[in-house]
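K.L.:
Sharing a structure below in structure tokens format, with a few things to ask.
The values are calculated or read from the model by the stated rules, or taken from the named source; none is laboratory data. In this text the structure is predicted, and so the values were computed from the model without any measurement. Cβ atoms come from the backbone with ideal geometry, glycine included; neighbour counts cover every protein chain shown.
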Amino acid sequence: MTKKILAQAMKEWRLFRRDKLLIVLAVLMPLIFMSLAGLTSSLRLRNVKLLVYDYDNTPLSRTYIETYGAAITFRLVSHEINESPESALASGLGRAALIIPQNFERDARRGSEPIVQLMIDATDSNAATALGNMAQGLNASFGRNSGLGWTAQRQLAKLDNRLWYNPGLSNPIYFGTGALGMMLIIFPALLGALATAKEYEMGTIIQAYASSLTAAQWIAGKALVYVLIGVVEFVICFVLGMAAFGYHIPSDPSVLLVATLFYLFAGVFFGMMMGNATGSQSAAIQGVQMGSFLLSLLLSGYLFAIANIPVQIRWFSSVLPATHYIQIVRNSILRDVGWSTSFRPLIALFVLAFSFFAMNVIQMRKMQFKG
Amino acid sequence: MGAFIRRYLALATKEIQQLRRNPGLLIQLMIPPTIVLIIFGFALNPRVRDLRLGVVDQNFTVESRDFIDALTQNVNFNVTRVYSSIGPAENALKSLDLDLFLVIPQDFDRIVKRGQTASIQVVIDAVDANTAQIAQGYLQRAMEDYNTSTGAVPVAESRLRRVLSRSTHPAPPPGAVEVRPAYIYNPGLVTAWHYVTGVMSIIMFINASLVASALAVKEKETGTIEQLLMTPAQTGEMLLAKTTPVFVLMMVVMFVALGTGVLVFDLPVRGAVWMFAVSGACAALAGIGIGVMVATVSKSQQQAQLLTFCVNPPITLLSGATSPIENMPEFFQKLSYMDPLRYLVTIVRGVTLKDAPWSALWPSLVILSAFAVVLFSFSAWRFRKQ
């Protein structure tokens, strides 16, 4: 039984080894993709271009502008003298425009409340909301510092924040761990899909149907190689993560390792399922691209919290292996909690891997010659 | 000229017939725009709400309960449980049952009555830096409300007074500067508009490159490329004929995507539609160029597809379609100028949401068409060299 699986795996390995480009890609892709995914996906705003229209031009208005300039969120940019804020925003010269009215200082000193307008380009509504809130905060701090309108007031309570697990609020740490999950679902699944679809295209699948291997053995043998390649990628990614994204080896690495194996199997089986179902390499790739890459990228909690996904489609994220795996990775690497917390997602991963496997077996069995 | 047109038509007919025989490909091309746009338009929402808040109340007095009340009026927090000691709350945070918890000190009421400032400890699971930052902001604002509504009056009166003032937000004292944000282009702050326009552009580009590389390599794999190279047709004509059906299909896909956006998400189209079409055509050409180029360097469909898969994620991530370019590290920001998709995203958003003036869009359009011309002719050159 195991001998047959191993023999099938050896055959698969020899086929893989012959393709030099594949080997290069298998090593390069994790490196490129991890660094890109970890470093470019950030929802935290910095250096947003802010156009300033100061129609008052007094010491106070300049101090007000300085408050914005000092925040790392905003970067003040210049504009043509005659250009209206609307047209400047429409041409993308800035993401927001701060408009200070005439008599700003006079009104403030008199005690009537001058209104400063902040026009925000809301094409990206999330960023726009964040900028609006940021401006409110800056405005309040300007009020406190300049002593305008703020009667000395007693603070009853103040907040004392402890940011656990990620005290620097660093985004690369968060996305870096997610990127590991993204990386490990793409490549093994792709290889599985391609290898299976190729058998259909070349017609060699008939040999598998006719051989004495059972469907389960054939599938397990094929998958084994790609899972092992996945393990190598895991090691590469982890080393990169330690160098670039602050990974550290968890005090109990066993959960992570077991989860990685389940996850890789789930990915490869999913890919093979696509290969079996479509029987053509390009269609199988499209299937993997849609089914594992795009869906995992957007619905697995890699980019946006799962709690934000509408209930009608939230069930979708729980059938994505990436959802559970990313959670385990974050539990182990960042929170350093062990089996008790990660147990549920681990079971989910196992169930998913097993059901993908079962679907493969069912697909294969239909075609296999009965001896 | 007549001969050219004849040959071109003959080759294009051959391609169309091949495409007709391959309904799978047609489905691949037509289904994603609708399904993907609808799912992602509804699903992607980076707003943070319903944070699970735990409270460790070690004080257990009227004051502390008042305080909890004031903080949790905020709809963004759901108080899941009130604990009496820190241990269980810490465990709940560790096992992901809570997003954050507050600790109210034992002598909270005494400190407040004495006129000092009590400090409240907040422990936040900051693994997701973005959410943690937003949660901090919510708490800070709730805290300011609590301090302004309670701080100015003697503590004994606080409850009554707050009930009275609760109907409106505490007004800023006279003289304070007020900042009033105006959200233009998307005053309702519809999140879907941002993603729908982004995903639309991604689909245009990536589908074109995937399909083109698949078609170009297939000829090579089945060996029919030799026959093609022996025909009197020039390589340029051949490539043109080969890509025409894909190109036409991509244009259809683009308008299907726009239609979906308009019908399902009320996406406004404020600018010139021809601009949208021209930029889409350029992007499709650039995508096809990349696809064919990849096909020429690879030996099998497997290799070609994998290479496209390697090229596409960086193009997607750097384009600013899903996350703002300003947030990226300096180096990646510079790199994004090399990304044709970046310009398509700018134009698509400019045309649909912003009605951006011609002066703002033409540079992007010029660069995008330059990309299209360069990538396409380079791929033709590579194709000839085979």
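K.L.:
Can you tell me which residues in the range A:310-326 are surrounded by 19 or more Cβ atoms within 10 Å (Cβ to Cβ) and of a type in the set (A, V, I, L, M, F, W, C)?
P.N.:
Matches in the range A:310-326: A:Leu320, A:Ala322, A:Ile326.
K.L.:
Further, regarding this structure: Can you list the strands (runs of 3 or more DSSP E) lying wholly within the range B:66-145 that have 1 or more residues being surrounded by fewer than 20 Cβ atoms within 10 Å (Cβ to Cβ), touching a strand residue (DSSP E or B) at 6+ places or on another chain (Cβ under 6 Å) and facing chain A (nearest Cβ under 10 Å)?
P.N.:
Working: elements: B:77-83, B:100-104, B:118-125.
Because the criterion is at least 1 residues that are surrounded by fewer than 20 Cβ atoms within 10 Å (Cβ to Cβ), touching a strand residue (DSSP E or B) at 6+ places or on another chain (Cβ under 6 Å) and facing chain A (nearest Cβ under 10 Å), the strands (runs of 3 or more DSSP E) in the range B:66-145 that meet it are B:118-125.
K.L.:
Also, quick follow-up: Being closer than 30 Å to B:Val112 by Cα and modelled with pLDDT of 80 or more is true for just one of A:Leu138, A:Leu159, A:Leu148. Which residue is that?
P.N.:
Of the residues listed, the single one that is closer than 30 Å to B:Val112 by Cα and modelled with pLDDT of 80 or more is A:Leu138.
K.L.:
Mind checking which residues of the range A:92-107 are crowded, with 23+ Cβ neighbours inside 10 Å and more than 12 Å from A:Ile120 (Cα to Cα)?
P.N.:
The answer is A:Ile100, and nothing else.
K.L.:
Right, here's the next one. Restricting to the range B:50-65, count the residues that are more than 34 Å from the chain's Cα centre (by Cα) and outside any strand (DSSP E or B).
P.N.:
Counting residues in the range B:50-65 that are more than 34 Å from the chain's Cα centre (by Cα) and outside any strand (DSSP E or B) gives 8.
K.L.:
Given (1) out of contact with any Ser or Thr (no Cβ under 9 Å at 6 or more places or on another chain); (2) among the hydroxyl-bearing types (Ser, Thr, Tyr); (3) buried (at least 18 other Cβ atoms within 10 Å of the Cβ), identify the lone condition not met by A:Thr58.
P.N.:
(3)
K.L.:
Could you list all residues from the range A:274-298 that are surrounded by 20 or more Cβ atoms within 10 Å (Cβ to Cβ) and aliphatic (A, V, I, L, M)?
P.N.:
Residues satisfying the conditions are A:Met274, A:Ala283, A:Ala284, A:Ile285, A:Val288, A:Leu294, A:Leu295, A:Leu297, A:Leu298.
K.L.:
Quick check on this structure: which one of A:Gly271, A:Gly301, A:Gly267 is at positive phi, buried (at least 23 other Cβ atoms within 10 Å of the Cβ) and of a type outside the set (Asp, Glu)?
P.N.:
The match here is A:Gly301.
K.L.:
Any residue at all in the range B:223-234 that's surrounded by 22 or more Cβ atoms within 10 Å (Cβ to Cβ), in a helix (DSSP H, G or I) and either modelled with pLDDT of 75 or more or over 17 Å from the mean Cα position of the chain (by Cα) (or both)?
P.N.:
Taking every residue of the range B:223-234 in turn, none turns out to be surrounded by 22 or more Cβ atoms within 10 Å (Cβ to Cβ), in a helix (DSSP H, G or I) and either modelled with pLDDT of 75 or more or over 17 Å from the mean Cα position of the chain (by Cα) (or both).
K.L.:
Something else: Here are A:Glu86, A:Glu105: which of them is touching an Asp or Glu at 6+ places or on another chain (Cβ under 9 Å) and not in a strand (DSSP E or B)?
P.N.:
Within the list A:Glu86, A:Glu105, the selection yields A:Glu105.
K.L.:
Can you pull out the helices (runs of 4 or more DSSP H) entirely within the range A:117-218 that have at least 3 residues that are in contact with a Pro (Cβ under 7 Å, 6 or more places away or on another chain) and within 8 Å of chain B (Cβ to nearest Cβ)?
P.N.:
Numbers: elements: A:125-146, A:171-202, A:205-210.
Counting at least 3 such residues, we get A:125-146.
K.L.:
When the residues of the range A:62-83 are narrowed to those that are assigned to a loop (DSSP other than H, G, I, E, B) and touching a Lys or Arg at 6+ places or on another chain (Cβ under 9 Å), which ends up nearest to A:Asn133 (Cα to Cα)?
P.N.:
A:Thr73
K.L.:
Among the residues of the range B:176-194, are any assigned to a loop (DSSP other than H, G, I, E, B), over 30 Å from A:Pro85 (Cβ atoms) and either within 11 Å of another protein chain (Cβ to nearest Cβ) or at pLDDT below 80 (or both)?
P.N.:
Kept after step one, since they are assigned to a loop (DSSP other than H, G, I, E, B), are these residues of the range B:176-194: B:176-177, B:185-190.
Imposing the further condition that a residue be over 30 Å from A:Pro85 (Cβ atoms) reduces the set to none.
No, every residue in the range B:176-194 fails to be assigned to a loop (DSSP other than H, G, I, E, B), over 30 Å from A:Pro85 (Cβ atoms) and either within 11 Å of another protein chain (Cβ to nearest Cβ) or at pLDDT below 80 (or both).
K.L.:
Farther than 30 Å from B:Met238 by Cβ and touching a residue at least 24 places away in the same chain (Cβ under 8 Å): is that true of B:Lys385 in this structure?
P.N.:
Considered against the rule, which asks whether it is farther than 30 Å from B:Met238 by Cβ and touching a residue at least 24 places away in the same chain (Cβ under 8 Å), B:Lys385 comes out as no.
K.L.:
Please name all residue pairs, on different chains or six or more residues apart, with Cβ atoms under 7 Å, provided the first residue is in the range B:326-355 and is among the aromatic types (Phe, Trp, Tyr) and part of a helix (DSSP H, G or I) and the second residue is modelled with pLDDT of 90 or more and surrounded by 24 or more Cβ atoms within 10 Å (Cβ to Cβ).
P.N.:
Listed by first residue and then by second, the contacts come to B:Tyr343/B:Leu368.
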